[in-house]
Every structure is written in structure tokens, then in C-alpha cells.
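A.B. asks: Can you read through this structure? Questions will come right after.
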């Protein structure tokens with residue numbers, strides 16, 4: 001058994017944490033129980049469950065590789081043009097496994113111990129990315145839990161053979177079926193969703209669809225996704241990433257969409273982009289929608305930003321959402337912790353007896369302060385074992 | 001003479017820096033000259049001129065004091081209501097000098113060696129804030145250059161006696177005349193600006209006006225400020241802080257306003273707020289407007305955010321402006337360095353022989369990387385003397 005003393009909990013109290021076999025066996029008021037000589041004194045640092053990184057692209061980051069300047073699209077933003085630029089960039093990059101490890105260790109060092117990564121599957125790249133990232137996942141199995149999404153970066157209908165490749169990717173070990181702008185990319189909302197939901201049904205897999213389409217078009221697609229989720233018995237297993245449309249429509253249209261999303265337990269992922277409308281976190285949460293967070297791209301061909309720190313992402317979500325009050329800052333934090341765990345369907349998440357002892361100790365007095373200060377002084381524990389300190393991985 | 005070797009300059013080259021009497025005496029290609037045994041090896045770290053913090057409130061931050069939860073206004077955002085909440089909060093806070101020192105050392109530790117702070121002057125607080133912050137400025141004279149703005153937080157016409165107090169504040173040592181929403185706060189654009197420009201003329205002082213008023217109202221006020229700046233021979237000595245209106249109007253109206261601002265060299269300060277329209281940095285710069293940056297409030301009664309790090313502010317300005325390309329990231333950096341120095345009228349700024357040896361060495365390969373990565377590993381030099389490392393002040 002391991003003991004961690006004087007952990008500051010979110011309610012402000014000090015607790016002692018006992019861990020057996022990688023799980024919390026007891027959480028008691030500080031000083032109440034017997035203390036082992038080997039106990040670790042957390043010295044009043046804030047202890048929170050490990051962060052949930054809900055959306056990254058392990059295969060396409062250049063983090064830790066040479067700097068690759070961003071190039072604009074020739075004619076405004078165009079997903080197809082951006083995908084082509086990415087292909088050129090990747091051809092010149094360091095080996096994928098090395099780049100994936102860099103990014104993964106960045107996230108892990110900052111305190112994310114579960115992660116959902118999209119991995120590109122297309123006629124061009126085949127299953128090469130999936131093979132590589134599956135192997136990297138295996139390497140880090142003891143360090144971080146990774147869900148992989150078979151992601152049709154070049155569309156499904158537009159890239160013949162992709163559906164079959166996605167089928168194979170799921171057999172190989174991918175956990176979820178991805179999708180990409182059924183309307184603007186594949187030009188066939190029904191066809192795209194037939195493929196996505198068909199694969200999910202066949203494999204008993206969840207779904208996570210990239211949806212950049214805005215305004216009424218995006219809202220229509222969200223409606224279609226909600227309807228299919230209900231019709232196919234997939235309630236609680238579907239997510240829509242980005243869903244910019246929800247940040248662009250009038251309040252009454254938003255309210256109807258939010259009710260649908262809540263009823264079908266379709267989760268919404270946002271990274272709180274800097275210069276683009278994004279889903280209104282407070283309104284969606286108030287309507288009962290599961291809103292989770294992710295870094296999205298980290299220094300890749302889509303943008304140069306990203307630091308792999310979900311605490312800083314909570315800060316950004318709060319900043320962009322106009323969250324100033326303590327309860328709002330706590331909401332932003334919840335997006336990257338508990339609600340993230342709900343969205344990913346994680347087992348044994350939280351600071352309760354029986355839960356997995358995956359936690360982060362932060363130099364902050366409470367959650368609101370942690371969200372505004374984003375202290376880099378932190379210790380990351382995986383199954384009770386110290387795996388990173390102040391952003392640096394230990395023992396690899 | 002001091003020597004600093006292997007400084008990475010913004011153009012990627014390595015240079016050796018020589019400093020005499022607190023100023024750069026020579027900047028040569030690395031290895032070209034003789035090296036003193038006492039030379040400091042900067043080891044290829046990026047060297048940039050110290051950051052310019054263009055807008056803080058040294059008298060009202062709670063940084064380093066007890067946490068003071070943000071309270072919303074009862075009826076949406078209302079400056080008057082917020083000022084009253086601030087007065088209640090300040091009454092319970094730690095001594096002002098202590099809070100000012102905390103904030104100042106935070107900014108200094110992160111690499112800002114020049115700063116413009118607004119300091120509240122009103123019938124209620126009289127000159128108490130000014131007295132305190134003048135004394136704190138004196139304490140830190142060798143560490144950081146501070147410009148103080150006599151800031152009418154409760155209005156000028158709405159708070160009788162304020163104009164006389166501001167007059168006194170300028171005699172005492174304040175450098176600039178402040179202002180606050182001439183229309184929405186004082187209800188008299190002409191009267192407010194008469195007072196502000198009158199005081200500036202009397203004292204030969206610059207002007208920095210808080211302008212939250214949005215849309216066409218804010219634009220009207222900007223037009224009035226521009227007209228008076230020209231008429232009173234104040235070209236290059238006037239700034240408008242926030243200027244939200246510039247982010248809210250149509251392109252043609254923006255273009256006209258930008259031309260006026262450029263012609264009168266009226267500078268615009270932004271902190272790139274998270275959930276509010278703000279001045280379009282790229283468009284204004286393209287029109288020749290001096291855009292500078294500031295933290296604005298740091299953990300005070302107005303919001304809980306702020307970290308006193310102008311490099312992170314450059315990141316935020318870039319993120320919020322949709323700056324992805326290297327040249328755009330360099331623009332965001334310029335806002336918190338060279339253009340900031342222009343806005344504040346700083347003497348001897350930059351990395352050139354003759355300039356003051358106020359610089360920051362950062363663990364980054366180049367400026368774009370520094371802006372996206374915001375490395376906390378940094379060393380801050382004041383007149384060639386190491387004064388802070390990794391955010392921590394040395395030797396106080």
C-alpha cells in the first residue's frame with residue numbers, strides 16, 4: 001500500500017490518500033489514519049484526477065521535430081488544400097513514431113493520463129499511420145490510456161477504399177470510427193454517415209466525427225448525427241469534434257440542437273479556438289450536453305499552436321467563454337477532467353475509493369486558482385506511481 | 001565591460017554582445033572578437049529586447065494576496081457597479097504597496113522592464129493610490145521603468161474634484177493623463193476630453209484613455225480623440241486603451257478610423273480579451289497604426305485572469321487574431337516589444353549598439369517558436385545585470 005498525505009481536495013479540505021494495486025483504497029481526512037514511514041507528503045498541494053486529453057492527432061504533430069512554418073491556403077481556408085500541404089510536410093518530417101512519442105510525452109508530462117487520438121486512414125496512406133500509432137500505444141500502455149479513432153482525413157466517399165481500410169483499422173485495434181465534414185468534404189451527408197454508423201455497428205465501436213461545417217449546414221449535420229445515434233442504439237457512444245456551427249447560430253436554434261444532443265448523449269469536443277466561433281460551453285452544459293476538451297492539433301500543418309497541457313486548455317476554454325466566477329472556472333476545469341472522462345467512457349475515473357490512482361498534484365490552493373494560474377509545478381501519478389514532475393517525464 | 005556570448009538573434013545568427021555602462025557597446029558575429037574570461041555564455045538562447053508591459057493597474061491587483069472570487073454585475077456588465085465592487089474588495093485587501101510589489105515583481109520576473117500603469121484618482125480615494133504607487137516606483141527604479149497614468153476610475157465630471165486631483169497627481173510625478181469612456185461614463189464627450197487634453201497641455205504630458213464604449217459610439221469618440229490630438233499638437237503622444245469599437249465595426253468604417261489614428265499617431269492598446277471583440281491587430285498595423293499590448297488587470301476585481309507575462313500575451317494576441325504564419329507570429333511579438341516601445345516613447349530600446357542592455361534570453365530557437373511555446377526558461381537582464389531567472393527575481 002502507498003500513502004499520500006496532505007492532499008488538498010477541490011473542496012479545500014486536506015486528505016490522506018491510500019493506494020493499493022494502483023487504485024485508491026481509502027481517502028480520509030488528513031491525519032486520521034496511521035501513516036507509513038514511506039508515505040509521500042503532498043504538502044497541501046491541490047490534488048485532482050489526471051487530465052483527459054480528448055482530441056489529438058498523434059500521427060501528424062511536428063512537436064520536437066524541426067520547425068515547419070505554417071503556410072496559408074491559397075484561397076482562404078480549404079480542408080482539401082490543407083490536407084495536401086500536410087502530406088508534403090509529413091513526407092519531410094522525422095519518423096512518425098518519434099513524433100508521436102514526443103507529443104505523447106508532452107501531454108503525459110503535463111498530466112493527461114488518458115487520451116483520444118485520431119489517426120489518419122486514407123487511400124494514400126493506407127494503414128501505415130494506424131500501424132505506427134498502435135505500436136506507440138503499446139509502448140506506453142503502462143503510462144497512458146489511449147483511444148484511437150480511425151480517421152478518414154481524405155473523406156470516405158471521396159477516397160475510394162477508405163471504408164474498407166477503416167474496417168481493417170478497427171480489426172487491428174482502433175477503438176472508434178471517425179468522420180469528416182459529411183457535407184463539405186464528401187458532398188453526401190447520408191452516404192458518409194451510412195459508412196460511419198455502419199462500421200460502428202459492425203464493430204460495436206464508438207464514433208467521433210470532425211465537423212467544421214458551420215451555420216445551418218453544420219446544424220443540419222448535427223441533427224442527422226443525433227437522429228442516427230438514437231435510431232442505431234448508439235446513445236452515449238457518439239461525439240462530434242469542433243462543431244463550430246453551435247457557436248454560430250441563433251439562441252433558439254442552439255437550444256433545439258442542444259436538446260437533441262443531450263437526449264442522444266452525443267458529446268461535443270472543443271479546443272476553444274482563438275479566432276473562430278466555437279460551441280457555447282456554458283449553454284450546452286446547462287442543457288445537459290457532455291462537453292469535453294482537447295488540444296486538437298499540436299504544432300502541425302494546421303496551425304503552430306498547442307502545448308499539450310489540458311490545464312492550460314481549461315484556462316483557454318474559460319478565457320474564451322468569458323468565465324470569471326469561481327463556479328465558471330470550475331466548469332472549465334470539469335470539461336478537461338470529469339466530463340472528459342464521461343465523454344471517453346473511462347472506467348474508474350476520479351478521486352474516490354475504488355478509482356484508479358491516476359492523479360496530478362498541483363501547486364495551487366484550489367481549482368479556480370489552478371485554472372487561472374496554470375502552474376507548471378506539478379507531479380503526475382499513474383496508478384500511484386510518480387511518472388512526471390514539472391512537465392518532465394521520469395524514468396524513461 | 002560585460003560580454004554575452006552566443007546570443008541567438010531574431011534573424012537566426014549567433015552574436016556576441018558587449019555591454020558598457022548599462023548599454024550595448026557592440027554586437028558582433030559570435031566568435032569574432034576577444035572574449036573576456038568573465039563572459040557569460042548564452043548558449044544559443046534567443047535574445048530579445050525586454051518586453052514592454054503597456055497597460056497594468058498596479059494599485060488594484062490582488063496577485064499574491066488572498067484569492068478574491070469574481071462577482072458578476074447584477075445587471076450585465078456595468079462599469080459603475082464594477083468600480084463599487086472593486087472599492088469593497090480593496091478595502092479588505094492587503095496593503096496596496098505590498099500588492100503592487102507582488103504584481104510588479106511578477107511582470108519583471110517574466111521579462112518586462114518597462115511598464116505603463118494606470119493609477120486611480122478620484123474624489124473617494126483622492127491621491128492615496130498615486131502616493132503609494134509613486135513610492136513603489138521609486139523603490140524599483142533600478143529594476144524597471146514605470147510610466148504612471150493619473151486614471152479617473154470614477155470619471156472626471158461625475159466625480160467632482162477629480163480634475164484638480166489629477167492636476168496634483170501630475171505635479172507629484174504622474175507622467176500621463178488618463179481618461180475613461182467619455183460618453184458612457186461621464187455622459188459628456190466634449191467635457192471629458194476638454195479636461196483630459198487641458199491637463200495634458202498644461203503639464204506637457206501624454207494621454208492614455210480607457211475606451212470600452214463599442215460600435216459607432218466608440219468610433220465617434222475615437223474620431224474626437226484623433227481630431228483633438230491633431231488640433232492640440234499632441235501627435236504621437238496619445239493612446240487609446242481597449243478601443244473595443246475597432247473590433248465591432250464594418251471594414252470601411254474601420255479603415256477610416258485606422259487612417260485617422262495613423263495620421264495622428266494615436267496608439268491603440270489591446271490585451272486580446274477572450275470573449276469580447278477587440279481591435280484587429282493585422283488590419284491596424286497594415287494601416288500604420290501603432291498597436292501595443294498590455295496585461296490589463298491581473299487578478300483583480302474585473303476578472304481573475306492575467307499572468308504578467310508579455311510573451312504569453314503575444315501568444316494570446318496571435319491566437320485571438322488567427323496568426324499562424326511565422327511573419328504573423330513575429331508581428332504579435334513586435335506588439336509586445338518594438339511597437340510597445342514606440343507607443344511608450346522609450347529611449348534607447350532594442351538590440352543595437354547604444355541601446356540600453358535590457359534584454360531577455362529565452363530557451364527558443366526563434367521568435368515564432370517563442371510565441372507559440374512561451375518558454376518559462378528565461379533570463380532577464382537589466383542594464384546588463386541578471387535580475388530574474390525562470391520567473392523568479394534575483395537579489396531582492
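A.B. asks: Give me the angle, in degrees from 0 to 90, between the Cα long axis of helix B:162-172 and the longest principal axis of the Cα atoms of chain B, rounded to the nearest 10.
C.D. replies: Helix B:162-172 and the main axis of chain B meet at about 30 degrees.
A.B. asks: Tell me, how many Å apart are the Cα centres for the stretch B:304-376 and for the stretch B:65-124?
C.D. replies: Taking the Cα centre of each part, the stretch B:304-376 and the stretch B:65-124 sit 24 Å apart.
A.B. asks: Additional query: With a point put 7 Å past each Cα toward its Cβ, work out how far residue B:377 is from residue A:393 in nm, to one decimal.
C.D. replies: A separation of 1.7 nm, rounded to one decimal place.
A.B. asks: Relative to the longest principal Cα axis of chain B, at what angle does helix B:79-91 sit, 0 to 90 degrees, rounded to 10?
C.D. replies: 70
A.B. asks: Can you order the peptides A:81-89, B:312-320 by their average number of other Cβ atoms within 10 Å per residue, highest first? Display every interim value, and only then the final one.
C.D. replies: On the way: A:81-89: 16.7, B:312-320: 25.4.
The densest-packed peptide leads the list: B:312-320, A:81-89.
A.B. asks: Can I ask one more? If r is the Cβ-Cβ distance from residue B:88 to residue B:325 and R0 is 45 Å, what FRET efficiency results, to the nearest 0.05? Can you show the working numbers first?
C.D. replies: Details: r = 46 Å, r/R0 = 1.03.
Efficiency at R0 = 45 Å is approximately 0.45.
A.B. asks: Here's another thing I want to ask about it. Determine the shielding of peptide B:319-326 by partner chains: average, over its residues, the number of Cβ atoms on other chains within 10 angstrom of each Cβ. Walk me through the numbers on the way to the answer.
C.D. replies: Numbers: counts 10, 5, 2, 6, 6, 10, 5, 5.
Mean number of neighbouring Cβ atoms from other chains: 6.
A.B. asks: Restricting to bridges with both residues inside the protein assembly as shown, how much of the DSSP beta-bridge set is antiparallel, in percent to the nearest 5?
C.D. replies: Numbers: 54 of 120 bridges.
Once the DSSP bridges in the protein assembly as shown are tallied, antiparallel ones form about 45 percent.
A.B. asks: From the label point of residue B:322, set 7 Å from Cα along Cα→Cβ, how far away are the matching label points in the other copies, in nm, ordered shortest to longest?
C.D. replies: Residue B:322 label point versus its equivalents elsewhere: 2.1 nm.
A.B. asks: Using a label point 7 Å beyond Cα on the Cα-Cβ vector, give me the inter-copy distances for residue B:172 in nanometres, one decimal, shortest first.
C.D. replies: Once sorted, the set of distances for residue B:172 reads 7.1 nm.
A.B. asks: Here is a further query. Where does each of B:118, B:55 land when they are ranked from fewest to most other beta-carbon atoms within 10 angstrom? If you can, show how the numbers build up before the last one.
C.D. replies: Details: B:118 29, B:55 26.
So the ranking, lowest neighbour count to highest, is B:55, B:118.
A.B. asks: What does the average come to when, for each residue of peptide A:300-312, you count the partner chain Cβ atoms lying within 10 Å of its Cβ?
C.D. replies: Whole-number average of other-chain Cβ neighbours for A:300-312 is 3.
A.B. asks: Continuing with the same structure: What distance in nm separates the simple spin-label points at residue A:135 and residue A:217, each placed 7 Å from Cα in the Cβ direction?
C.D. replies: Label-label distance for residue A:135 and residue A:217, simple model: 3.9 nm.
A.B. asks: Taking the protein assembly as shown as the region of interest, what is the percent of Cα-Cα pairs per 10 angstrom bin, listed from the shortest bin to the one with the maximum distance?
C.D. replies: Final binned percentages: 3, 13, 22, 24, 20, 13, 5, 1, 0.
A.B. asks: Which residues in the stretch B:172-188 place their backbone N less than 16 Å from a point set 7 Å from the Cα of residue B:74 along the Cα-to-Cβ direction?
C.D. replies: Of the residues in the stretch B:172-188, none has backbone N under 16 Å from the label point off residue B:74.
A.B. asks: Now a separate question. Is the shape of the stretch B:114-153 best called rounded, prolate or oblate, per the rule: a/c under 1.5 gives rounded, else a/b larger than b/c gives prolate, else oblate, with a ≥ b ≥ c the square roots of the Cα gyration tensor eigenvalues?
C.D. replies: Oblate, since a/c reaches 1.5 and b/c is not below a/b.
A.B. asks: To continue, here is another question. Quick check: the angle from helix A:96-110's long axis to the longest principal axis of chain A, C-alpha only, nearest 10 degrees?
C.D. replies: Tilt of helix A:96-110: around 40 degrees.
A.B. asks: In addition: Considering only the stretch B:88-236, what is the antiparallel percent among its DSSP beta bridges, to the nearest 5?
C.D. replies: Of all bridge pairs located within the stretch B:88-236, approximately 5 percent are antiparallel.
A.B. asks: Full extension from residue B:28 to residue B:231: what is 0.36 nm times the residue separation minus their Cα-Cα distance, to one decimal in nm?
C.D. replies: Values: separation 203, 0.36 × 203 = 73.08 nm, distance 4.54 nm.
Gain on extension, residue B:28 to residue B:231, equals 68.5 nm.
A.B. asks: Counting helices only, and only those DSSP H runs with n ≥ 4, report the 222 nm mean residue ellipticity of chain A as the sum of -39,500 (n - 2.57) divided by its residues, in deg cm²/dmol to the nearest 500. Kindly include the intermediate steps, with their values, before the conclusion.
C.D. replies: On the way: 12 runs with 138 residues, N = 396.
Calculated from helices alone, the mean residue ellipticity at 222 nm is -10500 deg cm²/dmol.
A.B. asks: Oh, and also: Only Cα pairs within less than 10 Å get springs; with that Gaussian network setup on chain B, which residue of B:252, B:358, B:124 has the largest fluctuation?
C.D. replies: Among B:252, B:358, B:124, the largest mean-square fluctuation in the Gaussian network model of chain B belongs to B:252.
A.B. asks: Cα gyration tensor of the stretch A:51-344, axes a ≥ b ≥ c as square roots of the eigenvalues: rounded (a/c below 1.5), prolate (a/b > b/c) or oblate? Numbers along the way, then the final one.
C.D. replies: On the way: a/c = 1.36, a/b = 1.13, b/c = 1.21.
Cα axes put the stretch A:51-344 in the rounded bin.
A.B. asks: Another question about this same structure. Taking square-rooted eigenvalues a ≥ b ≥ c of the alpha carbon gyration tensor, is the stretch A:287-390 rounded, prolate or oblate, where a/c under 1.5 means rounded and, failing that, a/b exceeding b/c means prolate?
C.D. replies: Working: a/c = 1.29, a/b = 1.19, b/c = 1.08.
Rounded.
A.B. asks: If I model a spin label at residue A:37 and residue B:347 as a point 7 Å from the Cα along the Cα→Cβ vector, what separation in nanometres do I get?
C.D. replies: Going from the residue A:37 label point to the residue B:347 one covers 6.7 nm.
A.B. asks: Note the distances from residue B:77 to each other copy's matching label point, with points 7 Å along the Cα-to-beta-carbon direction, in nm, sorted shortest first.
C.D. replies: Label-point distances to the other copies, shortest first: 2.3 nm.
A.B. asks: With both partners inside chain B, how many of the DSSP beta bridges are antiparallel, as a percent to the nearest 5?
C.D. replies: Values: 27 of 60 bridges.
Around 45 percent antiparallel, to the nearest 5.
A.B. asks: Counting only Cβ atoms, what residue of chain B lies nearest to the axis that sends chain B onto chain A, and how many whole Å off?
C.D. replies: It is B:376, 3, counting Cβ atoms only.
A.B. asks: Report the FRET efficiency, 1/(1 + (r/R0)^6), for residue B:190 and residue A:282, where r is their Cβ-Cβ distance and R0 is 30 Å, rounded to 0.05.
C.D. replies: On the way: r = 40 Å, r/R0 = 1.35.
Calculated transfer efficiency: 0.15.
Every number here is computed from the coordinates shown, using simple stated rules; none is lab data. Only a predicted model underlies this, so the values are computations on that prediction, with no experimental measurement involved. Glycine also receives a Cβ, built like all others from the backbone with ideal geometry; neighbour counts cover every protein chain displayed.
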